[in-house]
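The values are calculated or read from the model by the stated rules, or taken from the named source; none is laboratory data. Keep in mind it's a predicted model, so treat the numbers as computed, not measured. Here Cβ is always computed from backbone atoms with ideal geometry, including for glycine, and neighbour counts include all displayed protein chains. Keep in mind that these areas ignore ligands, DNA and RNA; they rest on the heavy atoms of the full protein, side chains included. Shrake-Rupley method; radii C 1.70, N 1.55, O 1.52, S 1.80 Å.
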Amino acid sequence: IGDTSAFKKLVEEQDAQIMLEEEAVGGSLFNDINRPDSSIHILIGAKKFMEGWNSWRVSAMGLLNIGRQEGAQIIQLFGRGVRLKGREMSLKRSAVLPGPHPKHIGLLETLHIFAVRANYMAQFREYLEREGVETEPVIELPIFTWINEPALKKELVIPRTPEGRDFMAEERLLLEYDKNIRVRVDMSIKVQMMVSTARGLHEVRAQAGLERQIPDESLDLVDWEQVYLELLDYKTRQGWHNLIIRPEMLRQLIGQIDYTLIADEAVVFPKTFAERELLQQAVSAVLRKYLDTFYCHCRERWEKQTLEYRPLDENDPNLAFNRDRVAEGKAAYIVTVKRSDTALVEALQKLLAEAERLYRQEDRDLPRIHFDGHLYLPLLVQETDKFSSIPPALRESEARFVRDLKDFWQKEKDGMMAAKEMFVLRNLSRGKGVGFFENSGFYPDFILWVVDPQQHTQRIIFVEPHGMLQAKAYIHDEKARLHERLPQLAQEVAQRSRREGISLDSFIVCATPYNELYQRYDDGTWDRAKFAQHHILFQERNQTYDYIRELLLGGGKVPATVES
């Protein structure tokens, strides 16, 4: 395929017994490349391969005297080879997917480039590194975990769907109108700047756009077939194979659903082809957001009807991560280190041989937190870019939360916490962790158990530490509002599980300082007490405000004497 004249001449000169045939009339062979029974294994050509075609099968490229200088064209050519279907059309490589994987799958997911006189490779490597792409050979080291078995003997429970139940296998969904779903899409133009005044720097924000509805006459300009195809593509990328979308339903839905579109007038009343494209984007965005919420509501209803309290043991996915990737069948971090960093590799290998230091101490070779209240050790912290891990190590706000929790427990375990026991577990993401399906799924970073052995009660708290500079108003902040729905869910799960004395709660631990957030959040009048009332706590610890104390003992009720 492609410009084969030079290849033909070379073959004819080297071996006259090789027969070459041309097909003057025929369809494009590109259409057959992705067929499972395709007989095409090699493409021979030149720059015509840089654009205009797509294949999941590219695994190697051989370049002869092209791309002598790094530039947009050679990057575009490489882009032909990094496309990947992934498992179940996830478009993701196996390294970020849970579950067992075929042996040597990593080799099949790697694009191999062989080049002659390729002066651009060094510059291309620098380009990839600037974009955060790993270019050096790496070594993977398993860091085995120690499971806190004494804690598991406390009969801790965790809300899980029963084994053998599968939402996608059991439920077949048809996209339809749901009067309880409200959608908000912001396509406004935002401007942010810093202004210097006599009193110092001040931040100024401006937003162009009003809340609008798309009129019927504008909907006549929409390419509904394109909208349908975009939603199908989105559904496939999300892996929602049990959801059916009927094309004729989309125009009807946009006229029924309760949505708020914040946009300029030109978006809903287009006068040019460019503005018509904005209208197309707005319709797709509204329906995509509705699709997200519809699917998540359906899954959440199913889970509310199936969730039960199951005893937490070492086989729970939150404790058994990466077992399929380790020959010993133990839970382990997979730590990836550049092979060229021999000092770090040697330090980690030495650390792995010293279990007491790995599980009971903290050092800089492998940043980690030692806290025996956590259900496994070590608990890695991402303080350097010299290594990465699966699952990811703790971010700064997460590590700070665990250290604050550890400090509070050590000081108060014989004081205000004397009658209680406390345990914490890093909650993993999709496929392993405990999630709640607001929007595309919310998996709080930590699960905290406060156990009262005398009263035979367990308070299970889901904690999410993160910054909130981009947070929405509370009414639209579904992560923050999770605590409102958990008491009712706890009752339903308890009744189904025939378990008493178990409550569910949730908190957002805000890494953004109060003075930076309060004017932007909601109506700008909330003090710390009102934030706490809505289960949003700031990472502050002093004599009048200790977010760990309020989380464990206050239930979100900060004393009214605390001033903003």
query: With all protein chains present and a 1.4 Å probe, how do 273, 442, 144 order by accessible area, largest first?
result: 273, 144, 442
message: As a test question: what accessible area, to the nearest 10 Å², does residue 96 have when a 1.4 Å probe is rolled over all protein chains in place?
response: 100 Å²
statement: Ranking 322, 342, 305 by how far each Cα lies towards the positive end of the charge dipole of the range 293-347 (+1 on Lys and Arg Cβ, -1 on Asp and Glu Cβ), the top one is 305
message: For 352, 229, give me the order by solvent-accessible area with a 1.4 Å probe, most accessible first, ignoring ligands, DNA and RNA.
response: 229, 352
message: Run through the range 263-303 and list the trypsin sites (Lys or Arg not before Pro) located in a DSSP loop whose Cβ has at most 14 other Cβ atoms within 10 Å.
response: 271
message: Taking loop as defined by DSSP and a crowding limit of 12 other beta carbons within 10 Å, which trypsin sites (Lys or Arg not before Pro) in the range 458-564 fit?
response: 498, 557
- request: Please report the relative contact order for the range 233-353, taking Cα pairs under 8 Å with a sequence separation of at least 6, and give it as a percent rounded to a whole number.
  value: 12 percent
message: Between residue 168 and residue 219, what is the label-point separation in nm under the 7 Å Cα-to-beta-carbon projection?
response: 3.2 nm
message: Are there any GluC sites (Glu not before Pro) in the range 454-548 that are in a DSSP loop and have at most 10 other Cβ atoms within 10 Å? List them by number.
response: 500
For the range 245-288, alpha-carbon Rg relative to the globular expectation (2.2 N^0.38 Å, N residues): 1.20
task: For the range 469-554, give the magnitude of the charge dipole about the Cα centre (Cβ charges: +1 Lys/Arg, -1 Asp/Glu; no others), in debye to the nearest 20.
output: 280 debye
query: Just the accessible area per residue of the range 449-564, please: how many Å² with a 1.4 Å probe?
result: 49 Å²
query: Amide H neighbours of residue 310 under 5 Å, counting only residues 5+ apart in sequence or on other chains, H built in-plane at 1.01 Å?
result: 158, 160
- prompt: Assigning unit charges at the beta carbon (Lys, Arg +1; Asp, Glu -1) and nothing else, what dipole magnitude in debye, to the nearest 20, does the range 244-305 show about its Cα centre?
  reply: 260 debye
message: Just the number please: accessible area per residue for the range 273-358, 1.4 Å probe, all protein chains included, in Å².
response: 46 Å²
message: To the nearest 20 Debye, how big is the dipole of the range 352-428 about its Cα centre, given +1 on the beta carbon of each Lys and Arg and -1 on that of each Asp and Glu?
response: 120 debye
message: Given the whole protein assembly as supplied and a 1.4 Å probe, what does the accessible area of residue 56 come to in Å², nearest 10?
response: 80 Å²
